[in-house]
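Student: The structure is given below, and queries will be raised subsequently.
The values are calculated or read from the model by the stated rules, or taken from the named source; none is laboratory data. Bear in mind the structure is a predicted one, so any value in this text is a computation, not a measurement. Glycine gets a Cβ as well: all are built from the backbone with ideal geometry, and neighbour counts include every protein chain shown. These area figures cover heavy atoms from the full protein model, side chains too; ligands, DNA and RNA do not enter into them. Shrake-Rupley method; radii C 1.70, N 1.55, O 1.52, S 1.80 Å.
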Amino acid sequence: MTAAAHVVTVGALPGAALADPEGAVVAAALMEAGLPVASRVVLDEDEAALERALTPDDGLTVVIAGGGSAGDVARRVVARAVGARLVLNERFLAALEERYRRLDRPLPRRAERLALVPQGASTWPVDDGEPGWMLESGARAFVVLARDGGLPAALAAHLVPFARARFAGRGVVLVRTLRAAGVTLGEVEERLAEWLGAAERKGADVAVVPGDGEVWVRLRARGATLAEVSNILDRVEAPLRAALGDDCYGRDAESLEVVVGRLLRERRLTLALAESCTGGLLGHRLTNVPGSSAYFERGVLVYSNRAKEELLGVPAEILRTHGAVSAPCAEAMVRSVCERAGAPCGLAITGVAGPDGGTAAKPVGTVFVGLAVAGAVTSRHFRFLGGRASVKWQSTQAAFDMLRRALKGRT
């Protein structure tokens with residue numbers, strides 16, 4: 001069965017297809033690329049309507065977002081459709097900054113909101129407009145483009161080549177994602193330099209995608225049969241995993257909490273948590289994994305200094321001398337929660353999530369994570385960028401990754 005495209009314009013009056021020149025241009029470009037267009041609709045800024053328009057087949061859906069909040073609607077709906085979180089995409093934000101620099105205009109205050117896209121999305125920058133983005137999920141693909149002066153450039157530079165590469169002709173296309181943590185986007189790109197942009201030589205297209213507290217390496221291959229494409233991806237994946245080393249923690253839908261839970265279960269260990277600035281997010285993520293009761297013993301939420309003293313016995317001297325946001329406090333928290341729970345493993349998080357509360361010595365995004373494994377207690381200091389929700393998420397990512405690496409060294 002030949003894949004098809006669906007073009008959806010959001011932010012125009014329903015039924016105004018004749019007044020939708022952008023949709024017509026996109027449809028013509030897709031057909032020229034060899035991808036038939038099965039449907040073309042125009043919608044108001046209505047999330048329910050867009051959800052119905054996102055067809056479940058194996059083709060491509062291109063969403064053209066008009067002005068106002070249409071882009072926000074598209075981001076939220078596509079994220080829900082693939083089960084992804086909205087995260088701050090550094091490449092998207094950088095493209096926005098470059099655009100406004102060329103226009104000699106200040107970056108709007110809503111820039112960070114505009115740069116929130118589903119995790120795993122790739123940015124499509126253009127010279128004369130707002131960046132677009134693309135997200136692949138299994139056999140489906142979604143593209144969101146701005147309805148502005150940059151649309152023609154986005155079609156020529158991004159959409160048409162993408163449609164030709166992925167959908168033109170018959171065959172099978174598979175996407176595989178390697179997930180890495182504790183490493184930066186630039187470090188991953190440097191390690192994988194020989195594979196990036198070398199699809200013809202390597203047999204598969206390899207791209208590096210930033211995420212919140214992790215980096216994804218996306219592999220895409222085409223072949224005549226599923227078995228052929230799977231073999232191609234297996235062949236390419238092996239050296240990529242070797243280059244990523246211990247920073248690669250999983251593949252496709254595997255999250256850090258799933259991997260950590262598996263390691264705990266295999267080693268028959270239990271875990272206790274003490275959280276401050278993350279407000280229970282660490283425990284929430286852990287208990288979202290079915291069967292987590294086999295290894296999660298308890299979690300304690302100690303937001304105030306009083307709670308840290310009364311519930312965990314953190315010495316007042318530590319709080320006076322070092323403050324709640326400090327390595328000694330994080331270590332005291334994790335040591336105490338492990339002792340009280342009788343658990344060999346523990347994690348503690350304390351920090352400044354923002355937007356207020358930062359100081360020159362401890363700015364917003366300052367986080368300390370305490371780790372305990374079999375009586376050995378350590379801590380790490382992090383400085384995360386982004387808004388409050390992003391800092392909290394990155395803090396839990398760092399905590400899970402610290403525990404994952406410690407457990408991998410134990411049999």
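Student: Report, ordered by the first and then the second residue, all pairs with beta carbons closer than 8 Å, sequence separation of six or more or different chains, a first member in segment 217-231 that is assigned to a helix (DSSP H, G or I), and a second member that is open to solvent by 30 Å² or more (accessible area, probe 1.4 Å).
Tutor: Note: pairs meeting the criteria are Leu226/Val172; Leu226/Leu174; Glu228/Val172; Val229/Val172; Val229/Leu174; Val229/Arg222; Ser230/Leu174.
Student: Looking at the structure I just gave you, is Lys308 surrounded by 19 or more Cβ atoms within 10 Å (Cβ to Cβ), under 22 Å from His284 (Cα atoms) and over 22 Å from the mean Cα position of the chain (by Cα)?
Tutor: Yes: the conditions hold for Lys308.
Student: Restricting to segment 183-227, and then to whatever is within 30 Å of Lys392 (Cα to Cα) and small (Gly, Ala, Ser), can you tell me which residue is modelled with the lowest pLDDT?
Tutor: Ranking the candidates gives Gly211 first.
Student: What pairs come up if the first residue lies in segment 235-264 and is free of Cβ contacts under 8 Å to residues at least 40 places away in the same chain, the second is part of a helix (DSSP H, G or I) and open to solvent by less than 50 Å² (accessible area, probe 1.4 Å), and their beta carbons are under 6 Å apart, counting only those six or more places apart or on different chains?
Tutor: Gly261/Ser292
Student: Could you list all residues from segment 63-80 that are open to solvent by 50 Å² or more (accessible area, probe 1.4 Å) and in a helix (DSSP H, G or I)?
Tutor: Selection gives Arg76, Arg80.
Student: How many residues does segment 81-104 hold that are in contact with a helix residue (DSSP H, G or I) (Cβ under 9 Å, 6 or more places away or on another chain) and open to solvent by 40 Å² or more (accessible area, probe 1.4 Å)?
Tutor: So the answer is 6.
Student: Restricting to segment 208-237, and then to whatever is among the aliphatic types (A, V, I, L, M) and open to solvent by 30 Å² or more (accessible area, probe 1.4 Å), can you tell me which residue is nearest to Ser390 (Cα to Cα)?
Tutor: Leu226
Student: Scan segment 243-272 for residues that are among the hydrophobic types (A, V, I, L, M, F, W, C), outside any helix (DSSP H, G or I) and open to solvent by 20 Å² or more (accessible area, probe 1.4 Å) and jot them down.
Tutor: Once the filter is applied, which keeps residues that are among the hydrophobic types (A, V, I, L, M, F, W, C), outside any helix (DSSP H, G or I) and open to solvent by 20 Å² or more (accessible area, probe 1.4 Å), segment 243-272 yields Ala253, Leu269.
Student: Right, another one. What tally of residues in segment 208-257 results from selecting those that are of a type in the set (Asp, Glu), farther than 17 Å from Leu185 by Cβ and under 15 Å from the mean Cα position of the chain (by Cα)?
Tutor: Here the count works out to 3.
Student: Run down Ala146, Ala139 and say which single residue is touching a Pro at 6+ places or on another chain (Cβ under 8 Å), open to solvent by 10 Å² or more (accessible area, probe 1.4 Å) and in contact (Cβ under 8 Å) with a residue 12 or more places away in the chain.
Tutor: Just a single option satisfies the conditions, and that option is Ala146.
Student: Across segment 149-170, which residue is most open to solvent (accessible area, probe 1.4 Å) among those that are of a type in the set (Lys, Arg) and part of a helix (DSSP H, G or I)?
Tutor: The qualifying residue most open to solvent (accessible area, probe 1.4 Å) is Arg164.
Student: Report whether or not Glu317 is under 25 Å from Arg262 (Cα atoms), modelled with pLDDT of 95 or more and open to solvent by 30 Å² or more (accessible area, probe 1.4 Å).
Tutor: no
Student: Additional query: Suppose we filter segment 194-204 for residues that are open to solvent by 60 Å² or more (accessible area, probe 1.4 Å) and small (Gly, Ala, Ser); how many remain?
Tutor: Summing the residues that are open to solvent by 60 Å² or more (accessible area, probe 1.4 Å) and small (Gly, Ala, Ser) in segment 194-204 gives 1.
Student: Has segment 171-183 got at least one residue that is part of a loop (DSSP other than H, G, I, E, B), open to solvent by less than 30 Å² (accessible area, probe 1.4 Å) and either under 30 Å from Val10 (Cα atoms) or of a type in the set (Phe, Trp, Tyr) (or both)?
Tutor: Within segment 171-183, not a single residue is part of a loop (DSSP other than H, G, I, E, B), open to solvent by less than 30 Å² (accessible area, probe 1.4 Å) and either under 30 Å from Val10 (Cα atoms) or of a type in the set (Phe, Trp, Tyr) (or both).
Student: Now a separate question. Determine whether segment 281-296 contains at least one residue that is open to solvent by 80 Å² or more (accessible area, probe 1.4 Å), within 30 Å of Ser255 (Cα to Cα) and among the charged types (D, E, K, R).
Tutor: Within segment 281-296, not a single residue is open to solvent by 80 Å² or more (accessible area, probe 1.4 Å), within 30 Å of Ser255 (Cα to Cα) and among the charged types (D, E, K, R).
Student: Still on this structure, I have one more. Take segment 353-381 and flag every residue that is within 25 Å of Leu88 (Cα to Cα) and open to solvent by less than 30 Å² (accessible area, probe 1.4 Å).
Tutor: Within segment 353-381, Ala353, Gly354, Gly365, Thr366, Val367, Phe368, Val369 meet the criteria.
Student: For segment 341-352, what are the residues that are at negative phi and either of a type in the set (Val, Ile, Thr) or open to solvent by 20 Å² or more (accessible area, probe 1.4 Å) (or both)?
Tutor: Result: Pro344, Ile349, Thr350, Val352.
Student: Let me ask you something else. I'd like the full set of residues that are under 20 Å from Ser395 (Cα atoms) and open to solvent by 40 Å² or more (accessible area, probe 1.4 Å), limited to segment 323-340.
Tutor: Of everything in segment 323-340, those that are under 20 Å from Ser395 (Cα atoms) and open to solvent by 40 Å² or more (accessible area, probe 1.4 Å) turn out to be Pro328, Glu331, Arg335.
Student: Only one of these conditions is not met by Pro118: (1) surrounded by fewer than 22 Cβ atoms within 10 Å (Cβ to Cβ); (2) at pLDDT 90 or above. Which number is it?
Tutor: (1)
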